[in-house]
Structures are given as structure tokens and as C-alpha cells.
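Written below as C-alpha cells is the structure these notes are about.
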Amino acid sequence: MQIQHIYRQTDKQKSVFYAWFEAMHTRIDLAFCNLPESTACTLSMLIKDEISRIEGFADRFNPTSELSFINRQAAQEAVKVHPELYTIITDCKEYCQRTAGAFDITVQSASHSQTDIHNLLCDPLEQTTIRFARPGMLLDLCGYIKGYALDKIRNILESSPCTDALISLGNSSILAWGHHPNGQGWPIALPGQPGQSVTLSGACLTTSGNTDGHYHLINPQTGQKTTTTVPISVITRTGCTGEVLSTALSVCNDSQRAFIFKSFDKEFKLGLS
């Protein structure tokens, strides 16, 4: 889907550019303030291209992606991985440890067990290779990759003339940059929490949870889908940390939750107004 956009000049010095397109199996929404229309169009295309690039190697549902190739081959042999994806996978292993196993990119594996994260063998000495120590394993970055995309988009914004923007990936992964045209920060309603909102600037709001009877979150401890319908929203500096924490806090037990709060300490707060 091509980028669609609306541009409004509110006065001689103020304008709003709003664009949207489909990617990452969801809708992407972009809002830029006080940029010439041509500059905003160029910036939105840069962001779309970066999201497409990330999708190209990290989408397990795309049979041509590098992640799909790993899932097909790594149980048979060590697979050499591009350094960017290798770093993502090793970061996710570290996040698994920091969340006491509540965040686990192997959770979609056949006959998943809590030891599967240890069956994911990453060898930096062998030219950054990935190998699965048992058949049936599968890596799924869905609980991480939108946050990674937000952090890459932040890099693009930092190198651009844009000082005020709001980026939303499916309404569940949001980056607030600068300020709303009519006030300080960006007021954002908390998903699934009527009447509650937060005001963000230079931060991410990430939400995980089951909605509308669609249970998709799996508890790595039990291997079962969770049935809670209460969404968890967290506010973080980086999108990656937000994705990991909102996912982990949506499936963890009380002891894991206490460990997570201690492990991440002041890196985040729950998104309550």
C-alpha cells in the first residue's frame, strides 16, 4: 500500500502533515508538525522504507525473510546471520533472562519448553551463526520488532528537521516526539482503559494484551495462551524495552513481576495517568 497523506497549513508558520500506510501486518500512522509538505513527504517515505527493510529480514510469516530461513534451517546446521539480526536475537536472549523467562522469542516452537531459549545457540566466533539444539524450534520476534522499528524511526527523526511528531504502529507501539500543535507533549489515550491518558514527549508508549476475544499471548512457563483481557501499557525511553516489558508483564506470575521490576528498576513506568 502506498503512503496516503493530508496536509493542512494552519497559519503562515504552522502546519500539520498526517500520513498512513499498511506495514508489519497493521496500520502505520505518522503526524509531523510545522514542516513543508515536500519535506514531510520525504520523511514519511524514509520511515516507510526503513519499516519495509526491517520487515524484509525479521518477519517470520514472510517465507523469503532471513528469520524464516533460520527457522527452516537452524535445526539442521549452523546458519550464518547478518550482524543486525544476530544482535537482535542475542538481545532478545538477554531480555529473556532479565524478565525471568516471561519474554521468550522461542515460545511459538513446537512442544515448547522453558529450556528452549537455552537451545537457541548463538556463536559470535563462528561468523555470527545461529543453531537450534533441537528440531521443531521457531523464533518469533513479534513481541519485539515493532519496538525496534520505533527506535530506528527515532534515529531518522533525530537526523531530520522535524522537532514535533507522533508515530503509531498499530496503536500499540507509539513514539511521541516533541509537542502537539496545541500544547506541551502529546496526549495519548491508554488502550483499553477508558478515560485514562498520558502526555508523552521523547518517550514510547507500548501496549500488549488480548483484545476482542482474540487470545494470542502465550505464557512461556505453561505454553498456554493467556485469557486476560486487561491490556498492559508501559512508558519507556526505547521502543525495544517497551515491547519486551509490556509483553512480559502481560504473561508473568507474581514472582516474575517482582523480578522484572527489580531488573529494570527505573527504566519504565506503567502507563497510568
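Of the solvent-accessible surface of the chain, computed with a 1.4 Å probe and all protein chains present, 52% belongs to carbon and sulfur. Bridgeable aspartates and glutamates around Lys14 (alpha carbons under 15 Å apart, same-chain partners fewer than 8 residues away excluded): Glu37, Asp164.
Label separation (Thr26 vs Lys80): 3.5 nm, computed from points 7 Å beyond Cα along the C-beta direction.
Give the distance, in whole Å, between the Cα centre of the range 82-103 and the Cα centre of the range 136-211. The range 82-103 and the range 136-211 have Cα centres separated by 21 Å.
Residues in the chain average 48 Å² of solvent-accessible surface per residue, probe 1.4 Å, ligands and nucleic acids excluded.
Using helices alone, I'd like the mean residue ellipticity at 222 nm for the chain: each DSSP H run of four-plus residues gives -39500 (n - 2.57), total over residue count, nearest 500. Can you show the working numbers first?
Values: 6 runs with 84 residues, N = 273.
Helices in the chain give a 222 nm mean residue ellipticity of -10000 deg cm²/dmol.
Dimensions of the range 152-273 along the principal axes, based on C-alpha atoms and rounded to the nearest Å, stand at 48, 30, 23, largest first.
On the principal axes of its alpha carbon atoms, the range 8-74 extends 58, 17, 11 Å, with the longest extent given first.
With charges only on Cβ, +1 for K and R and -1 for D and E, what is the dipole size of the chain about its Cα centre, in debye, rounded to 20? Walk me through the intermediate numbers first.
Values: 22 positive and 26 negative charges, 76 e Å.
Value, rounded to 20: 360 debye.
In the chain, the longest principal axis of the Cα atoms and the axis of helix 83-98 are about 80 degrees apart. Largest GNM mean-square fluctuation across Leu175, Leu245, Leu217, computed for the chain with C-alpha springs under 10 Å, falls on Leu217. Summing Lys and Arg as +1 and Asp and Glu as -1 over all other residues whose Cβ lies under 14 Å from the Cβ of Gly223 gives a net charge of -2. Could you work out which residue, out of His112, His180, His25, moves most in a Gaussian network model of the chain, that is, has the largest mean-square fluctuation with Cα springs under 10 Å? Looking only at His112, His180, His25, the largest GNM fluctuation is found for His25. Taking the Cβ of Leu67 as the centre, find all other residues whose Cβ is under 12 Å away and add up their charges (Lys, Arg: +1; Asp, Glu: -1). Net local charge, Leu67 excluded: -3. Within the straight-line cut-off of under 16 Å between alpha carbons, the aspartates and glutamates reachable from Lys80 are Glu66, Asp123, Glu126, sequence neighbours fewer than 8 places apart in one chain being disregarded.
The values are calculated or read from the model by the stated rules, or taken from the named source; none is laboratory data. Computed from a predicted model, the values in this text were never measured in an experiment. Reconstructed Cβ throughout: ideal geometry from the backbone, glycine too, with neighbour counts over all protein chains shown. Areas reflect the complete protein model, heavy atoms only, side chains present, ligands, DNA and RNA absent. Shrake-Rupley method; radii C 1.70, N 1.55, O 1.52, S 1.80 Å.
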